[in-house]
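K.L.:
After the structure tokens below, expect a handful of questions from me.
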Amino acid sequence: MAQITHVFHFLLLSHLMLLLLAAGDGNGNGYQGECPPSFDCGLYLRNISFPFTVPQRPHCGSFVIHNCDDPLNLKFIQLQNNGTMFRVIRFVPNPLTPATTTIQIRDQNLYDLHQSKSCEAFSHNYTLPSTFPFGSISIQYSHTLFKCNRTLHVNPPPEHVHNYTKCPDYDLYYKSSTTPHDESLSSLTACTKVQLPVKDVADANDPFTFITSNVLTEVHLTDECANCYYHKRGQCQLDSRQRFVCTFGYGKHSCATHKFWNTANSLSADV
């Protein structure tokens with residue numbers, strides 16, 4: 001009788017183990033599996049790595065890139081929960097600074113405004129979320145433009161300042177480049193400033209070719225996360241109190257206690 005009881009317990013435990021493994025395999029619960037060094041993401045993005053990941057392994061990164069499993073389909077990303085979905089144009093290699101990844105993303109709404117030459121493109125500052133738990137996000141190239149309501153009757157700035165007069169209620173002034181103590185735009189202090197992304201090499205004669213909807217964006221890891229990922233070969237995670245921890249495989253740390261920040265929903269633009 002005792003032998004039958006031992007056999008029953010063994011079979012019961014074996015069955016429970018199989019259920020746990022099946023329930024936790026890729027469903028975001030329980031055991032998630034080890035994270036590979038990189039993921040294949042199609043013909044033009046090729047390999048992507050932390051802090052980027054794929055929908056099948058959301059626990060392996062902070063930002064999920066969608067459609068990596070379809071080589072010919074467009075790739076999309078979000079950099080903030082419930083944020084705008086952005087098309088991923090390309091990854092720009094940074095071999096000397098691996099903790100910083102540069103990606104070019106397209107804001108479709110801003111792209112449509114550019115294509116139609118709508119002055120709505122100059123309505124608001126264009127911003128991205130500045131931080132995430134393991135680093136920071138910034139626009140690589142941006143520029144200040146001045147929207148001057150015609151009722152202000154501002155004095156036009158001197159030479160080398162571009163002027164666009166085809167918007168309904170205001171004139172637009174901007175320079176192709178400025179310095180911290182540039183006095184040439186001092187007559188525009190009463191105007192509204194807007195900060196917008198620009199091309200790395202831009203044609204400043206037309207504001208719609210000067211600003212861009214294909215935004216070069218830098219994603220930079222914190223020193224502690226970079227040290228964990230690149231030097232210790234660990235995984236950057238947050239514990240149950242949202243504190244940083246560097247872990248080494250899910251066998252040692254439970255996913256219920258140490259979880260990845262997953263923004264799989266993300267880039268927010270104030271346009």
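The values are calculated or read from the model by the stated rules, or taken from the named source; none is laboratory data. Computed from a predicted structure; not experimentally measured. We place every Cβ from the backbone using ideal geometry, glycine too, and count neighbours over all the protein chains shown.
K.L.:
Return yes or no: is F260 at pLDDT below 95, among the aromatic types (F, W, Y) and buried (at least 20 other Cβ atoms within 10 Å of the Cβ)?
P.N.:
Spelling it out, F260 is indeed at pLDDT below 95, among the aromatic types (F, W, Y) and buried (at least 20 other Cβ atoms within 10 Å of the Cβ).
K.L.:
Keeping to the range 195-233, report how many residues are small (G, A, S) and touching a Ser or Thr at 6+ places or on another chain (Cβ under 6 Å).
P.N.:
1
K.L.:
Are any residues in the range 54-89 touching a Ser or Thr at 6+ places or on another chain (Cβ under 7 Å) and among the aromatic types (F, W, Y), and if so, which ones?
P.N.:
F63
K.L.:
So which residues in the range 59-89 are within 15 Å of the chain's Cα centre (by Cα) and not in a strand (DSSP E or B)?
P.N.:
Hits for the range 59-89 are G61, S62, K75, Q78, L79, Q80, N81, N82, G83, M85.
K.L.:
Restricted to the range 90-107, and to residues that are β-branched (V, I, T) and buried (at least 20 other Cβ atoms within 10 Å of the Cβ), which residue is farthest from the chain's Cα centre (by Cα)?
P.N.:
T101
K.L.:
Hey, another quick one. Can you say whether S176 is among the small types (G, A, S) and either more than 28 Å from the chain's Cα centre (by Cα) or in the same structural domain as Y44 (by TED's automatic domain parsing) (or both), as far as the supplied structure shows?
P.N.:
no
K.L.:
Among the residues of the range 219-248, how many are among the basic types (K, R), on the phi < 0 side of the Ramachandran plot and out of contact with any strand residue (DSSP E or B) (no Cβ under 9 Å at 6 or more places or on another chain)?
P.N.:
Total meeting the criteria: 2.
K.L.:
In the range 72-97, what count of residues is obtained for those that are within 17 Å of G61 (Cα to Cα) and at pLDDT 95 or above?
P.N.:
Looking only at that region, the number is 4.
K.L.:
Residue pairs, Cβ under 8 Å, 6 or more apart or interchain, first in the range 116-131 and assigned to a helix (DSSP H, G or I), second charged (D, E, K, R) and surrounded by 16 or more Cβ atoms within 10 Å (Cβ to Cβ). List them.
P.N.:
F122/K147
K.L.:
I'd like the full set of residues that are in a strand (DSSP E or B) and under 23 Å from F248 (Cβ atoms), limited to the range 203-224.
P.N.:
L221 - this is the single residue of the range 203-224 that is in a strand (DSSP E or B) and under 23 Å from F248 (Cβ atoms).
K.L.:
Something else now. So for the range 174-188 (the condition being modelled with pLDDT of 90 or more, in a strand (DSSP E or B) and either buried (at least 17 other Cβ atoms within 10 Å of the Cβ) or not aliphatic (A, V, I, L, M) (or both)), does at least one residue qualify?
P.N.:
Yes: one or more hits.
K.L.:
Of L145, L128, L110, which residue is within 18 Å of the chain's Cα centre (by Cα), farther than 30 Å from V245 by Cα, among the hydrophobic types (A, V, I, L, M, F, W, C) and surrounded by 14 or more Cβ atoms within 10 Å (Cβ to Cβ)?
P.N.:
L110
K.L.:
Okay, next question. Does P37 fit the bill of being assigned by TED's automatic domain parsing to the domain that holds C236, within 20 Å of T247 (Cβ to Cβ), modelled with pLDDT under 95 and surrounded by 12 or more Cβ atoms within 10 Å (Cβ to Cβ)?
P.N.:
So P37 fails the test.
K.L.:
Would you mention how many residues in the range 60-75 are crowded, with 17+ Cβ neighbours inside 10 Å and either out of contact with any Gly (no Cβ under 7 Å at 6 or more places or on another chain) or not assigned by TED's automatic domain parsing to the domain that holds P37 (or both)?
P.N.:
Residues flagged as crowded, with 17+ Cβ neighbours inside 10 Å and either out of contact with any Gly (no Cβ under 7 Å at 6 or more places or on another chain) or not assigned by TED's automatic domain parsing to the domain that holds P37 (or both) within the range 60-75 amount to 8.
K.L.:
Let me ask another. Report, by residue number, each residue of the range 207-231 that is free of Cβ contacts under 8 Å to residues at least 12 places away in the same chain and farther than 22 Å from S49 by Cα.
P.N.:
Listed by number, the list holds a single entry, T209.
K.L.:
For residues that are of a type in the set (S, T, N, Q) and assigned to a strand (DSSP E or B), scanning just the range 225-250, find the one that is nearest to P36 (Cα to Cα).
P.N.:
This residue is Q235.
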